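What follows is a single structure, written as structure tokens, with notes after it.
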Amino acid sequence: MRAIYLSKDNEQFSAQLREIGADELAAATAPANVTVAVDYSTVNYKDGLAITNKSPVVRKWPMVPGIDAAGTVVASGDPRYQPGDAVVLNGWGVGETHWGGLAQQAIFKGDWLVRLPASITARQAMAVGTAGYTAMLCVMALQDHGVVPGAGEVLVTGATGGVGSVAVALLSQLGYSVVASTGKATEADYLRRLGAASVIDRAELSAPGKPLQKERWAGVVDSVGSHTLANACAQTRYGGTVAACGLAQGMDLTASVAPFILRGVTLAGVDSVMCPQPRRQQAWQRLAAELDRRKLDAMTREVPLAGALEVAREILAGQVRGRVVVNVNA
Ligand code: NDP
């Protein structure tokens, strides 16, 4: 089978497309015991970091990257899964410490798999990918904290990115009034087509700001971090919630406690990697039921397996709009 293969010899990093034998795959992935014929994978921001060796995402060498995969079980030593089962995998350290989905075959632990809802194809599941599933976890976090559609405007940062695009589509579908923050003025129409009620320049949020600012947002989905997250908290209305999942601007967070202790704002952290199975399954059921497929198609483009190497560079340069699926068999 063919796979993207990352190796490091004497600190010399390489990323290439390579043939990998069944024995090599089995040895690298033991004791995992569910073999999946992968149909589609995708390139998330974290995959971009791994494939370009930009930050220490990969913690075991050599590595097949790809934190996401969707496909069909072809062999299983786990009684919960049988050949023919359609499955999706997101996270659990796959593509970081365990060989991942940017390959024609993968071997995963049964505990990591989610059954693909019948109404969603493998390609659609990878158009969603970790980015879209994280967007749904962010929406669920806002709802858990009582942010309802009539409560006021909801801000989505990094709006043309993978998390942002799916968050805009989901929130608008649910009836929220979505304000999309982007650095790409030329993509305002794209964001409106996904459902944004209005679009703002991300420069309004990206510089250091005051600890408390004019109250505007009932809720926020933030995939950017740094000053953007600090400003989003400072502009959140009394009792509002900010779901924080990303660091596209930076991992730092220089903020004050003022929004939390004076306005009762909640900062809700969102993690997709180790998210417990019941919440994952709920997120996938909701994505299958609630995400508008025409909007998903409009935000997705497809590349062959080798194309993942170039997309990795593009995503780190902030040049990817929406989502990219990888047809691992092309
Ligand atoms: P993308 O690269 O697709 O999107 C990120 C977007 O952020 C860009 O498209 C851009 O949007 C904006 N952006 C990029 N650079 C900057 C910058 N310097 N300042 C402000 N905005 C910037 O990535 P994803 O959507 O896939 O992921 C977004 C973030 O979420 C990443 O940091 C990723 O690691 C994280 N993440 C976390 C997960 C978790 O489990 N917590 C799971 C999935 C992702 P625009 O041009 O529209 O402004």
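The values are calculated or read from the model by the stated rules, or taken from the named source; none is laboratory data. Quick caveat: nothing in here was measured; it's all calculated off a predicted structure. Cβ sites come from the backbone with ideal geometry, for glycine too, and all protein chains shown count toward neighbours. Accessible surface areas use protein heavy atoms only, side chains included; no ligands, DNA or RNA. Shrake-Rupley method; radii C 1.70, N 1.55, O 1.52, S 1.80 Å.
State whether the residues of the range 185-201 include one that is farther than 25 Å from Arg293 by Cα, within 11 Å of the ligand (Cβ to nearest atom) and either within 21 Å of the chain's Cα centre (by Cα) or crowded, with 16+ Cβ neighbours inside 10 Å (or both).
Yes, there is a match, as at least one residue in the range 185-201 is farther than 25 Å from Arg293 by Cα, within 11 Å of the ligand (Cβ to nearest atom) and either within 21 Å of the chain's Cα centre (by Cα) or crowded, with 16+ Cβ neighbours inside 10 Å (or both).
Tell me, which residue of the range 1-42 that is farther than 16 Å from Ala106 by Cα and in a loop (DSSP other than H, G, I, E, B) is nearest to the chain's Cα centre (by Cα)?
Across the range 1-42, the extreme among qualifying residues is Glu11.
Restricted to the range 16-36, and to residues that are surrounded by fewer than 18 Cβ atoms within 10 Å (Cβ to Cβ) and aliphatic (A, V, I, L, M), which residue is nearest to Gly129 (Cα to Cα)?
Leu17
Conditions first: (1) touching a strand residue (DSSP E or B) at 6+ places or on another chain (Cβ under 7 Å); (2) within 9 Å of the ligand (Cβ to nearest atom). Val163 passes all but one, so which condition is the exception?
It fails just one condition, (1).
Could you check, for the range 80-98, whether at least one of its residues is open to solvent by less than 30 Å² (accessible area, probe 1.4 Å) and of a type in the set (Phe, Trp, Tyr)?
Scanning the range 80-98 turns up at least one residue that is open to solvent by less than 30 Å² (accessible area, probe 1.4 Å) and of a type in the set (Phe, Trp, Tyr).
Look at Gln124 and say whether it is closer than 14 Å to Val34 by Cβ and either touching a residue at least 60 places away in the same chain (Cβ under 8 Å) or among the acidic types (Asp, Glu) (or both).
It is false that Gln124 is closer than 14 Å to Val34 by Cβ and either touching a residue at least 60 places away in the same chain (Cβ under 8 Å) or among the acidic types (Asp, Glu) (or both).
Among the residues of the range 268-286, write down those that are among the aliphatic types (A, V, I, L, M) and away from the ligand (no atom under 11 Å from the Cβ).
Answer for the range 268-286, where residues must be among the aliphatic types (A, V, I, L, M) and away from the ligand (no atom under 11 Å from the Cβ): Ala268, Ala283.
Please go through (1) within 16 Å of the ligand (Cβ to nearest atom); (2) at pLDDT 95 or above; (3) open to solvent by 30 Å² or more (accessible area, probe 1.4 Å) for Ala69 and return the number of the only condition it doesn't satisfy.
Ala69 satisfies every listed condition except (3).
Go through (1) in contact with a strand residue (DSSP E or B) (Cβ under 6 Å, 6 or more places away or on another chain); (2) within 11 Å of the ligand (Cβ to nearest atom); (3) charged (D, E, K, R) for Glu215 and report which single condition fails.
Here Glu215 meets the rest and fails (2).
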